[in-house]
Structure formats: structure tokens, C-alpha cells
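Any read-out appearing in this document is the output of simple, stated calculations on the displayed coordinates, not a laboratory observation. Values in this document were obtained by computation on a predicted structure and should not be read as measured data. All Cβ positions, glycine included, derive from the backbone under ideal geometry; neighbour counts span all protein chains shown.
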Amino acid sequence: MPKRIFSGAQPTGNVHLGNYLGALRNWVALQHEYESFFCIVNLHAVTIPQDPKLLAEKTRELTRIYLAVGIDPDVSTIFVQSDVHQHAELTWILNCVARMSELERMTQFKDKSRKSENVSAGLFDYPVLMASDILLYQTDLVPVGEDQRQHLELTRDLAIRFNRDYGDTFRVPEAYIPKVGARIMSLSDPTKKMSKSDDDPNGCVMMLDDADAVSRKFKRDVTDSGTEIRFDDSRPAISNLLTIYQLLTGKTSDEIESHFAGKGYAQLKQDLADVTVEFLRPFQERVNGIGTEQLNRLLGQGREKASKIASTTLSNVYAAMGVVGAGTSE
Ligand code: ATP
Ligand code: LTN
């Protein structure tokens, strides 16, 4: 069997530079080495209330974004999570394998539930749905940002426990978390990750931001004390800007430090805004150039390809557990 990767993003809000640098750009890089599945995880999105019309629109927009960043539909499979009903079905089964205590330990749940009064049971169960996404495709590698590491550990634990109790059924996946860019920080608060749900919209550069918005956000960026422009863990704001610069230009850290030697923060912010705008322009043109028909065709093909693999895995799961009824489990 070819080595597989699986990853996904939620069609909520807007895709930002952190999502791209921490995850999507690695999907693009890895897709030629692995058989690749990239999912638009709309069932994860509804763990928090969503406007129905907007969710449908964002699902299509995110598909366009996948294509425009460089995911090649000739080599990768792109599909919408709700189009493959096995994701929800396997979640039920894995709910019966996962323990309350391990879900209670998930830090993302603790953070997200602190922000809301009415927390859904779905939000608590979110990591089990994520495990189902991954395990259905017998995935080897899951390229994600640092914030997903704990969910990946849980996925591995569930796979190992299921295999032990019911026989070898799932491949046990590994996380792929990049050395540089796994946690891009907010421009307005470098102690927090860049996030679309950030209270301050200036902390987050969106992939669909226009040139003015990009420049404004970088100009307002908070800086730390000291004047020297170099990578330094004790100065998180400057290191974050340099990391973004490094990933967008492909330059080494030595090259970057000598480029900025003797220059001030204002120059760095200006250069970073220029580099980002240059990067975003062709990307945004591609997003706008993708037609509805092309989108429908691709998602239809994606659903078909994904469904085949997902239904084989789920049949094996049911058979292993003795969950059988009148007919086949399909
Ligand atoms: P947000 O906090 O902005 O809502 P999310 O993690 O809920 O982000 P998704 O769109 O589902 O949003 O995430 C897609 C991918 O982006 C995941 O692999 C996640 O780890 C990664 N990611 C999210 N934020 C960052 C960040 N600040 N730096 C690096 N990677 C990130
Ligand atoms: N929880 C992830 C999105 C996600 C995912 C997945 C990532 C859902 N299912 C499977 C990798 C593999 C997030 O980034 N918020």
C-alpha cells in the first residue's frame, strides 16, 4: 500500500498565514511523495454554532484556497467531511474506545470551553472525530501545526487500543510538525498563537487580506525591547516576524540576519509587508479564477475516492467487533 497523508482544516472564519505556514504549505510539499487526502472538516466546524449560509460558503471558499495554495487535484484527493458518512459512524465506535478521562485532558477543549457558556458535547468529542478522519484512511503521516500534537497522540492511543482489543485494523499514524513555522504567533500578542478567533483582528494576517490590510497589520505589530534584528528565543515578537520572513522568502537565518544588520524595526515591518503582499497577490488571483463547475467536479471525484477507502476500513472495523446486522455493513 502507498504511504498516505491525511490532513484537514475547518471552514470557519478566514484562513490565515499561520494556517498556511504551519500546515497547508507542507501539504503542498508532501503531496508528491505520498498518496494524499485533504479534507474540509465541516463536521468539526459545527461543534461551535455556525451561520448555515456562511458555513456553506466557507466550505467552498476553503476548497478554492486548497487549490490556490498549490494542492494538485491530479495527485491529491480533496473532499468535504460530511460527504463521507463513515467519518461520523467511526466516531461513534471510537467514542466507545476513548475514555472520558483522556478527553478531559485535551488542552484545546479546555481553552475553547473557557470562552463559551454553552459548550456542546460535540466540542468535547472533537478529537475523536479527528481520530476517525485520520484512521479511516490508514494514514501514515498527518501534517499539522503544533497545536494539534495532543490530538495526534490521542489518535495513536485509540488506534493502538483498538488493534490490541479487536485485532490489527488501523495503521498507527505519526504527526508531521514542521521545525520552523509550527506555531506562528499573533502580531498583537506574541505569547498567543495566530488565530482567526483572536479578539484583536490586527493580530492575524488573512490569506485574503488586501495589500492595505497586510501593511497596516505588520505596521501595528508589537515589538519587544532591544533594537537588534536577529532570531532570539527571548524576544518572541521579533523572532516571529523573522520566521514569517524566512518561510516566505526561503532565505537562511544567516542571510536574513545579515540583510537586516544595522536596520530598524520599521524596515523589517516594511520588508515583511512587501514580501507578504507579493506572495498573496498571485495566490488571490488563483482563488478568484476557480469556477463553480470545476469545484463541483473535483469535490464529486474526491467524495468517490475517499468513500471507497473509508467504507473498506469501516467494514473491517465492524467485522472485527462483531457489529453485524442483516446485510453488509455498507
Ligand atoms: P484557528 O485557531 O485560527 O481557529 P484552527 O487550528 O482552529 O485555527 P484550522 O483551520 O482547522 O484552524 O487549522 C488548520 C491547520 O492550521 C492545523 O493544522 C493547525 O495546526 C494549523 N494552525 C493553526 N494556527 C496555526 C498557527 N498559529 N501556526 C501554525 N499552524 C497553525
Ligand atoms: N482539528 C484540526 C482540523 C482537523 C484535522 C483532522 C487535522 C480535523 N480533522 C485530521 C488533521 C487530520 C485543526 O486544525 N483545527
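Dipole magnitude for region 224-330: about 500 debye, using +1 per Lys or Arg Cβ and -1 per Asp or Glu Cβ, origin at the Cα centre.
The Kirkwood hydrodynamic radius of region 268-326, based on inverse pair distances between different Cα atoms, is 15.7 Å. The Kirkwood radius of region 75-169, taken over pairs of alpha-carbon atoms, gives through the Stokes-Einstein law at 10 °C and 1.306 mPa s a diffusion coefficient of 111 µm² s⁻¹.
Considering only LEU94, GLN148, LEU55, the residue lying farthest towards the positive end of the dipole of region 26-159 is LEU55, judged by Cα position with unit charges set on Cβ.
Projecting the Cα atoms of MET106, GLY203, GLN270 onto the charge dipole of the chain (Cβ charges, centred on the Cα centre) puts MET106 farthest toward the positive pole.
Before anything else, pin down the relative contact order of the chain: Cα pairs under 8 Å, at least 6 apart, normalised by residue count, whole percent. Each step should come with its number before you reach the end.
Working: 477 pairs, mean separation 72.4, N = 330.
Relative contact order comes out at 22 percent.
Once you wrap a convex hull around the alpha carbon atoms of region 107-223, what is its projected area averaged over all directions, in nm²? Let's see the in-between values first.
Details: hull surface 37.7 nm².
Value for region 107-223: 9.4 nm².
How would you rank 213-222, 22-31, 191-200, highest first, on the average number of other Cβ atoms within 10 Å across their residues?
Numbers: 213-222: 17.6, 22-31: 20.7, 191-200: 15.0.
Per-residue Cβ counts within 10 Å, averaged per peptide and sorted highest first, yield 22-31, 213-222, 191-200.
Across region 93-140, counting alpha-carbon atoms alone, Rg and Dmax equal 11.8, 37 Å. Mean residue ellipticity, 222 nm, helices only, the chain: the sum of -39500 (n - 2.57) across DSSP H runs of n ≥ 4, divided by residue count and rounded to 500, is -16500 deg cm²/dmol.
Looking at ILE290, ILE309, GLN246, which one has the Cα that reaches farthest to the positive end of the dipole of the chain (charges on Cβ: Lys, Arg +1; Asp, Glu -1)? Ranked along the dipole, the leading option is ILE309. Backbone amide hydrogens, once placed in the peptide plane, bring MET185 within less than 5 Å of MET194, excluding anything fewer than 5 places away on its chain.
Which values of log₁₀ I(q)/I(0), to two decimal places, follow from the Debye formula for the chain at q = 0.06, 0.09, 0.15, 0.16 Å⁻¹ with a uniform point scatterer at every Cα? So the normalised log intensities are -0.23, -0.50, -1.28, -1.41.
Report, in debye and to the nearest 20, how large the dipole of region 275-327 comes out about its Cα centre when Lys and Arg carry +1 and Asp and Glu carry -1 on their Cβ. Display every interim value, and only then the final one.
On the way: 6 positive and 4 negative charges, 25 e Å.
The calculation lands at about 120 debye.
With Cα atoms defining each centre, region 150-178 and region 63-138 are spaced 14 Å apart in the structure.
Under the combined filter of DSSP loop state and at most 15 neighbouring Cβ atoms within 10 Å, region 63-145 retains these trypsin sites (Lys or Arg not before Pro): ARG99, ARG105, LYS115.
Determine the dipole magnitude for region 45-163: charges of +1 sit on the beta-carbon of Lys and Arg, -1 on that of Asp and Glu, nothing else is charged, the reference point is the Cα centre, and the result goes in debye to the nearest 20.
Numbers: 13 positive and 18 negative charges, 67 e Å.
Once rounded to the nearest 20, the dipole reads 320 debye.
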